[in-house]
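What follows is one structure encoded as structure tokens, with my remarks underneath.
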């Protein structure tokens, strides 16, 4: 019997890890910075700013085993830091394996480190996990479920963030082949794995500042 238990291991984040890991990862690219009110965090002496956001339906697809996990919604929160780094957490809710009534999926808690990267005339957020740790660990449960029970999410991926400031920034995560090739030019590997198997993800979210600059337009450049 596969007993139901708490299946999500939250990945702790530290300021030092956020500054160190992503700085090394993005060394070959030009680093960018967050901005608000037409000026960079440095120019406005903003050490940090919190944000919150939401996402609609998100999917995690593992082609090699024919698996798709779909989550109806997600809540996002985190902190944007001076120097263009940050840390974020996401809670995916109402997750399921479509068409499979034997398997259930707990809400998925994931955590990331991020860094602003300027490339191909665009501003990007490069996401990675803390060194040596996954973004999250997902349990797929059910007495009759034949899918792998414990699955770690690992790797790195990117999202576009607009240079034009907006109070609500759309952040769409990507690891499609075109984006992978674009970052390969910089020596940055964009790959995502579900356990040992390559995976794809589709997440579109909206972020809003929630601290001292709540409601203000922001961006990255």
Problem set entry | Value of D in µm² per second that Stokes-Einstein yields for the range 164-213, Kirkwood Rh from Cα pairs, at 37 °C (0.692 mPa s) | 248
Problem set entry | Within the chain, helix-based [θ] at 222 nm, where runs of 4 or more DSSP H residues each add -39,500 (n - 2.57), nearest 500 | -2500 deg cm²/dmol
Exercise. Once you wrap a convex hull around the alpha carbon atoms of the chain, what is its projected area averaged over all directions, in nm²?
Worked result: 11.8
Exercise. Which order, highest average first, do 151-163, 190-202 follow once you tally other Cβ atoms within 10 Å for each residue and take the mean per peptide?
Worked result: 151-163, 190-202
Exercise. Which semi-axes, in whole Å and largest first, does the equivalent ellipsoid of the range 72-139 have when worked out from the alpha carbon gyration tensor as the square roots of 5 times its eigenvalues?
Worked result: 29, 13, 11
Seminar exercise, completed: Shape descriptors of the range 135-221 over alpha-carbon atoms, Rg and Dmax in angstrom, are 17.0, 50
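A short reminder: the numbers here are calculations on the coordinates, not readings from a lab. Since the model is a prediction, treat every value here as computed from it, not as a measurement. We place every Cβ from the backbone using ideal geometry, glycine too, and count neighbours over all the protein chains shown.
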